[in-house]
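Beneath this line is the structure, given in structure tokens, with notes to follow.
Every read-out reported here was derived from the displayed coordinates using simple, explicitly stated rules and does not represent laboratory data. What you see is a predicted model, and the numbers here were worked out from it, not measured in a lab. Here Cβ is always computed from backbone atoms with ideal geometry, including for glycine, and neighbour counts include all displayed protein chains.
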Amino acid sequence: MSAAQQNFAKDALAKAFDLSHRATIAHNISLYEKAYAKGRLQYKNLDAARKRLAVLRHKTTNELDKFLVEFEAHFTARGGKIIWASDANEAITEILNLLRKRQVRTVVKSKSMITEELELNKHLEQEGIEVTETDLGEFIVQIENDKPYHIITPIMHKSKEDVAALFKEKYGLSGEASPQEVTHFVRRLLREKFTNAEVGITGANFLIADIGGIALTENEGNAVMSMSFPRMHIAIAGIDKLIGSIKDLDLIWPLLATHGTGQKITAYNTVITGPRQEYEKDGPSEMFVVLVDNGRTKLLKHKEQRRAVSCIRCGSCLNFCPVYKNIGGHAYGTVYSGPIGAVISPHFLGLQSYHHLSFASSLCGRCTEVCPAHINLHELLLRNRMLSVKKGYSSPFERFTMYALKKVMTKRKLMDMGNAGLKNFALSKTIGRFWGPRRKLPRIQKKSFNKLWKEMRNFPK
Ligand code: SF4
């Protein structure tokens, strides 16, 4: 058992029985569900929109090499610079080099999951650079030295009382501070950070090939301020973020908003096509886009699982997943949690150590039903399971059990051999070991269905 597997088993068990954690999650997800139910009413035919998105994403995924080159050509034509990074180490080295050359000491940063993948903050702080998260949720995560809990709502596991208590501890606010009071306090504090920062780092919700631009969508306006106040802007994006045309945003932005937060459209939607031009008054004088692979091409090599590259990171599959609702985001031990995390993390981080995530699913298929990009998530989890068994990552005992079961269950004669007591004993010693202590292993009855059926119909024995 890998360390990741052991931690997952331990943390998932603890969280599943932590009733106050479950109550907070249930409350916060219920707010999402209400908003989502309302938001989806903007579509006359949501399924048609989802299918269109699936086709669109499928096309870019299949021609990623072409679109990436197109993006680079257009982006660099307007003075932007591209850095290609095959993994997290390369990305970090390149980013630190840029900052060292310019002797940067202060960075403001907007919410970005890829920077979590790279553990960027840790590396910047080790370099003595002050980095400030400017998304309210991420700011809270940062001051608590925590990790984001969800790809869209990083503090979904916190109640407003938890947040007030944290601000009392860190900044001396009243322990009864309302969400509005906390927000105003952070807003004032961040204004100074925005105006003083030398570099702004953002992610990119999408990379637009035909215009060489990045698309940012957010509700607080902090990403726009992070990129426009400082003299240099670094956008970091996975190569999977490519879309063919700016026209595609017409479909993608509302789908992302509705599935992410239940909004018709997110409050701030920005397209950035490079650094400040001569005729422009403001904006950064330098802009870099760091294009990161970090396991994405590995995922693309798998005929079925490559569909997961179409994900637009809306977080909807997490919110509807019965496993996520019980164990929460941190138990996964990965940046990406929930169904999409369980599909992609084993490919990003190594199937041998992380294949267990694909087994942590009821396979109910709710994730697939709600995914705006029409990704067949529950089937991809099965594909991962299949692959991990083929690679020999299941235990010898599990392999033996499955082999024996297959032999017996495909031969009626073998199934009818022995009495029920003996069969129940054999089952408890094999399947029973995987069954867990909290559910009862079904018992084999004295008379099988086959026998009962024959008796009912008076079939000859
Ligand atoms: S897999 Fe689908 S539902 Fe899940 S985050 Fe990605 S786009 Fe959203």
* Asked: For the pair LYS413 and GLU33, what calculated FRET efficiency results from E = 1/(1 + (r/R0)^6), where r is the Cβ-Cβ distance and R0 = 60 Å, to the nearest 0.05?
  -> 0.70
* To do: Among THR401, THR202, rank each residue by its count of other Cβ atoms within 10 Å, from fewest to most, as a rough exposure measure.
  => THR401, THR202
* To do: Would you mind computing, in nm to one decimal, how far apart the modelled labels at LEU405 and TYR279 are, each placed 7 Å from Cα along Cα→Cβ?
  => 6.9
* Asked: Could you work out the helix-only [θ] at 222 nm for the chain, with each DSSP H run of four or more residues adding -39,500 (n - 2.57) and the total divided by the number of residues, to the nearest 500 deg cm²/dmol?
  -> -15500 deg cm²/dmol
* To do: Would you be so kind as to identify which of HIS21, ASN121, PHE8 lies farthest towards the positive end of the dipole of segment 8-125, taking Lys and Arg as +1 and Asp and Glu as -1 on Cβ and the Cα centre as origin?
  => HIS21
* To do: Mind putting a number on the dipole of segment 72-143 about its Cα centre? Charges go on the C-beta only, +1 for Lys and Arg and -1 for Asp and Glu, and I need it in Debye to the nearest 20.
  => 480
* Asked: Between segment 25-73 and segment 142-165, what is the C-alpha centre distance in whole Å?
  -> 25
* Can you give the FRET efficiency for THR297 and LYS325, using 1/(1 + (r/R0)^6), R0 = 35 Å, r = Cβ-Cβ distance, to the nearest 0.05? -> 0.60
* **Computed magnitude of the charge dipole of segment 305-461 (debye, nearest 20; Cβ of K, R +1, Cβ of D, E -1)** => 1000
* For the peptides 334-341, 361-368, what is the packing order when you average, over each peptide's residues, the other Cβ atoms within 10 Å and list the highest mean first? -> 334-341, 361-368
* To do: Return the Cα extents of segment 47-294 along principal axes one, two and three, sorted largest first, each rounded to a whole Å.
  => 54, 49, 36
* To do: Go through segment 191-279 and name the chymotrypsin sites (Phe, Trp or Tyr not before Pro) that are in a DSSP coil and have 16 or fewer other Cβ atoms within 10 Å of their Cβ.
  => TYR279
* Whole-Hz couplings from phi, Karplus 6.51/-1.76/1.60, listed for segment 397-410; x for Gly and Pro -> 5, 5, 5, 4, 4, 5, 4, 5, 4, 4, 4, 6, 6, 9
* For the residues ILE312, ILE444, what sequence is obtained by ranking on other C-beta atoms within 10 Å, fewest first? -> ILE444, ILE312
* Structure fact -> Check: C-alpha center segment 377-428 vs C-alpha center segment 167-232, spacing in Å is 52
* Asked: Near the amide H of ILE82, under 5 Å away, which other amide H atoms are found, from residues 5 or more places off or on another chain, if H is placed in the peptide plane?
  -> VAL289
* Structure fact -> Taking a straight Cα-to-Cα line shorter than 12 Å from LYS158, and setting aside same-chain aspartates and glutamates fewer than 8 residues away, one finds GLU144, ASP146
* In nm, spacing of pseudo-spin labels at GLU169 and ASN89 (7 Å Cα→C-beta vector) -> 3.6
* Expressed as an acute angle from 0 to 90° and rounded to the nearest 10, what is the orientation of the C-alpha long axis of helix 420-429 relative to the principal long axis of the chain? -> 30
* To do: Quick one: give the max-minus-min coordinate of the C-alpha atoms of the chain along each principal axis, largest first, in Å.
  => 93, 54, 46
* To do: Excluding residues fewer than 8 places away in the same chain, name every one of the lysines whose C-alpha is closer than 25 Å to that of LYS281.
  => LYS81, LYS109, LYS193
* What's the angle, to the nearest 10 degrees (0 to 90), between helix 46-62's Cα axis and the longest principal axis of the chain? -> 80
* For LYS411, which lysines qualify as cross-link partners when the Cα separation must be under 27 Å and same-chain residues fewer than eight apart are set aside? -> LYS390, LYS423, LYS429, LYS440, LYS446, LYS447, LYS451, LYS454, LYS461
* Please give the contour-minus-distance gain from GLU130 to GLU455: 0.36 nm per residue of separation, less the Cα-Cα distance, rounded to one decimal in nm. => 109.1 nm
* Asked: Roughly what angle does helix 179-196 make with the longest principal axis of the chain, taking Cα atoms, 0 to 90 degrees, to the nearest 10?
  -> 50
